[in-house]
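Asks: For reference, the structure I am asking about is given below.
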Amino acid sequence: MSDPATHSSERSGIDHLLMRGIAWTAVLRFAAQIISWTGTFIAARILTPADYGLFAMAMLAVGLVRMVEDFGLDSVLVQDHSIDSSQQARLAGFAILLSIAFALSFLVLAQPIAEFFKEPQVAMLIAVLGAACIADAFQVIPRAALLKEMEFRKLAIAQFIQTVTMQSILVTGAWLGWGVWSLVANLLGGVIVVTVLLAYWRPYAIRWPRQLRQLIKPLTQGWRILVSRFAWYAYTSADQTIIGRLLGKDSLGAYQQAQALSTAISTEISSVVSKVVPGVFSTVQKNQAELNRYFALLTELLCYLTFPVLFGTAVLADLAVAIALGPQWDATVAPLRILCVYGAYYSCQVLVGQLLVWTGRFRANMWCSVLAAVVLPISVYIGSHWGLVGVAWAWIIAMPIANLPGIIIGFGIIRFNAWKFIRVVMPAAISCAVMIVAVVGVRTWATAGAGIWFDLAVSAATGAIVYVAALLIFFRARVRHIVDFVRSIRKQATH
């Protein structure tokens, strides 16, 4: 039987690392996001929807390979603590050789992919972007090491430096008239800089991947991660593929901006938590009670932070698009509103997949992803008959159905139930409903006919005040629980 004092000390240590990781990640990610928004908004006023559409077409192929090129070894190296240094060095060699093969394949496949989209310029974009695959492979070992050691500060710094590099190149390239190539240079520059930085922080050995039979376990698990990622990419990129093929590059550019705006803040908030979850979940993967505790706590925190941003953006979408992007992006407004609602669903269940991966349920995660890869593309294709709005609705309707098996398995791992999940989500959801009523009222009666800047400022301020007030009036105990947890961690850190 474990010593209660030792268990309490271990919990306090993990709690401290969790909150410190969230703090570092939050500060640097949000600073990076401000820079990213600024660069994106400047570039969007110089570049055209067609530029973004062409880049999106090229990234559909390159992005898929970037998801699977490491053979899932980054996740396996974090979850499996039994891999020794010799195995790690040979796995590094395997990942690098695989990435080179993928990069060379783009030289062959670039032209057929361009012909599929009926855009000749896409071929050269794909051929050049293939170089990112090789740089990515050199990040696998040092990134996994930093995650396993819960070195969240260094990972956050790397992300910040990458963002600054990317946006500097993007704005400079757009201003110099590079067009779509400013987007290509922005991606390659960021990947190369962060690869060098990670390798400097965590130097590692690389060996020829011989004696593969000794690597059968991590490669098998990696294969399951690879299939999961392939399936994930298939269903998350189905909308862009179908829009690009059936509706054209202008519609694809508008839809891509709707996706970017709907996830701009909420994804950053979710990422702050998701970046620290691997180290924490893999550490307590054999302790069901602790997994239950962290899952409930972090999911509730995500709902508090993401719901008001997403529903607020949905209500104010017309103003946000007009101010941020300009009148040429009006087609973005309707799908943006719908995708914000989908984003709220995504935020409250995003940690379910993390439960499957970081407790070693790679096979279950794989088959759940495959199911989504079947359901979502079919739904998106059907929705495309109603344009961008139909595609956005396909996400809201089909994704909860596709996710149901994964939710059932994930809840079973930690003995979580639907009622407890509703209790976790309900405070943020009800407070957002009150907020929406207030913002709609303000826009209808108080700011009607006012300038868009005044309308946005007053509506956003009203929404924020009403949301916080609703939480404190109706759910004070729940909010206090989260606050007390944070305070306890800060108190432990000072002793």
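Asks: Taking only pairs six or more apart or across chains, which ones have beta-carbon atoms under 6 Å, a first residue in the range 458-485 that is more than 16 Å from Val424 (Cβ to Cβ), and a second residue that is charged (D, E, K, R)?
Replies: What qualifies is Ser459/Arg443.
Asks: Here is a further query. Any residue in the range 202-217 that is in the same structural domain as Gly53 (by TED's automatic domain parsing) and over 27 Å from Val76 (Cβ atoms)?
Replies: The answer is no; no qualifying residue exists.
Asks: Has the range 134-144 got at least one residue that is closer than 30 Å to Leu47 by Cα and not aliphatic (A, V, I, L, M)?
Replies: The answer is yes, given that some residue of the range 134-144 is closer than 30 Å to Leu47 by Cα and not aliphatic (A, V, I, L, M).
Asks: Return yes or no: is Gly441 surrounded by fewer than 17 Cβ atoms within 10 Å (Cβ to Cβ) and either assigned to a helix (DSSP H, G or I) or free of Cβ contacts under 8 Å to residues at least 12 places away in the same chain (or both)? Before the answer, list the steps.
Replies: Details: surrounded by fewer than 17 Cβ atoms within 10 Å (Cβ to Cβ): yes; either assigned to a helix (DSSP H, G or I) or free of Cβ contacts under 8 Å to residues at least 12 places away in the same chain (or both): yes.
Here the answer is yes, as Gly441 does meet what is asked.
Asks: Only one of (1) of a type outside the set (Gly, Ala, Ser); (2) within 17 Å of Ile409 (Cα to Cα); (3) assigned to a helix (DSSP H, G or I) fails for Gln285. Which number is that?
Replies: Condition not satisfied by Gln285: (3).
Asks: On to the next question. Pick from Ala205, Ala258: which is crowded, with 19+ Cβ neighbours inside 10 Å, among the hydrophobic types (A, V, I, L, M, F, W, C) and either in a helix (DSSP H, G or I) or touching a residue at least 60 places away in the same chain (Cβ under 8 Å) (or both)?
Replies: When all the criteria are applied, what remains is Ala258.
Asks: For Leu291, indicate whether it is modelled with pLDDT of 85 or more, under 24 Å from Ala428 (Cα atoms) and among the hydrophobic types (A, V, I, L, M, F, W, C).
Replies: no
Asks: Which helices (runs of 4 or more DSSP H) does the range 315-401 wholly contain that include 1 or more residues that are under 24 Å from Ile413 (Cβ atoms)?
Replies: 333-358, 362-383
Asks: If you don't mind, there's one more thing I want to ask. Any residue that is within 29 Å of Ala392 (Cα to Cα) and either out of contact with any His (no Cβ under 9 Å at 6 or more places or on another chain) or of a type outside the set (A, V, I, L, M) (or both) - is there at least one of those in the range 185-206?
Replies: yes
The values are calculated or read from the model by the stated rules, or taken from the named source; none is laboratory data. Remember, it's a predicted structure, so these values are computed and weren't measured experimentally. For neighbour counting, all protein chains shown are included, and Cβ atoms are generated from backbone atoms with ideal geometry for every residue, glycine included.
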